[in-house]
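The structure's right below; bear with me while I get my questions together.
Throughout, read-outs are computed from the coordinates displayed, never taken from laboratory work. All figures in this text were calculated on a predicted structure; none of them were measured in a lab. Neighbour counts are summed over all protein chains in view; Cβ atoms, including those assigned to glycine, are modelled from backbone coordinates with ideal geometry.
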């Protein structure tokens, strides 16, 4: 299992933590260097999410035609190109376009690896394999923290380092997946018709809610603790590292789902995620760190949960279910990032986080049900 899982963790870390979420870590320095407003920062964050959703639309087509291994490698290449572009960005427009390119890989990688897991692991190991691979986001976030401390205000060099590490991950996956997935059959692509989307409607709605509620935290949480709580650079980076480290505990998603069931696990996760936004506004350093723990665990837990939900909804073509789930997650994040930036600019950081926390809690009442895709 680990011959598939470990390179998978590295590529998830590259495409999610390095290429997408690290923007929130470096946002205070990027904003200062390029003179970005909060709304412009929201648009850049949204560009990566829009790329993510656009890639998800094409994921099932590309996987069916080219195979999951090639899409994994393509994901890494676009992450490298986007991060190099971000490192060289002289202004808002170039940064926005580079963020878009960097975000593409994250939309392809999860569906591709869900297919590789089905092809390579026995059914009893598949949920465990998927949730472990999903922790790559947390592992990557942990690594971005020391990079931020090492380069301090030199955020461009941090992106250069990430691009170099991404190249190493692409090479690793090219070698590790060569014999595991070559020649494996890929199910025929499913048409995303009305019936299929209706069967997945509860998964879609829940995923949008997770994406919306989490978007403000990924883009603006470090700016919050820096500007509102007056965290110095070191403490704000420690905050980010704690969030990533806590996310590794989200690997328990598979075990929790098996114990509590999908519905109870979902409601527990979305409640904890929404609570983390509210806890962040409390004016105490320990509660900020506690917020990071809550968010890190719950976000990785919830993304692991929708992977399991998607694969159970479409057991014969799991990449279809994962694509739908993460496409919906990306829609929520795209909309949320823009609204968060505008809301912060128009009101305040605390008010925006409270609003997003309340909206997130409302998604506790989402219905959780799996319909037979054959019915």
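Using Cα atoms only, what is the angle between the long axis of helix 262-280 and the major principal axis of the chain, expressed in degrees (0 to 90) to the nearest 10?
10 degrees
So what's the gap between the Cα centers of segment 41-98 and segment 261-282, to the nearest angstrom?
29 Å
In degrees between 0 and 90, to the nearest 10, how far off the longest principal axis of the chain does helix 123-134 point, with axes built from Cα atoms?
Taking Cα atoms only, the helix is inclined about 20 degrees.
Taking other Cβ within 10 Å of each residue's Cβ, how do 225, 355 sort, fewest first?
Exposure proxy ranking, most exposed first: 355, 225.
Can you tell me the orientation of helix 155-176 relative to the chain, as the angle in degrees between its alpha-carbon axis and the longest Cα principal axis, to the nearest 10?
Between the helix axis and the principal axis of the chain, the angle is about 10 degrees.
Please arrange 265, 215 by counting, for each residue, the other beta carbons lying within 10 Å of its beta carbon, fewest first.
Fewest-to-most Cβ neighbours within 10 Å comes out as 265, 215.
Would you mind checking segment 23-40 for residues with the amide N under 14 Å from a putative spin-label position 7 Å along Cα→C-beta of residue 94?
From segment 23-40, the list is 33-35.
Right, something else. Just want to confirm a number: the relative contact order over the chain, from Cα pairs under 8 angstrom separated by 6+ residues, in percent.
Rounded, it is 27 percent for the chain.
In addition: Let me check against my output: what whole-number percent is the relative contact order of segment 252-375, with C-alpha pairs under 8 Å and at least 6 apart?
35 percent
With a ≥ b ≥ c the root eigenvalues of the C-alpha gyration tensor of segment 1-109, is it rounded (a/c under 1.5), prolate (a/b larger than b/c) or oblate?
prolate
Ignoring everything except DSSP H segments at least 4 long, calculate the 222 nm mean residue ellipticity for the chain; use -39,500 (n - 2.57) per segment, divide by total residues, nearest 500.
-27500 deg cm²/dmol
By how many nm would the segment from residue 58 to residue 259 lengthen if fully extended, with 0.36 nm per residue of separation less the alpha-carbon distance?
Net length gain for the segment: 68.9 nm.
Pulled fully out, how much extra length does the chain show between residue 371 and residue 2, if you take 0.36 nm times their separation in residues and subtract their Cα-Cα distance?
Result for the pair: 129.7 nm of gain on full extension.
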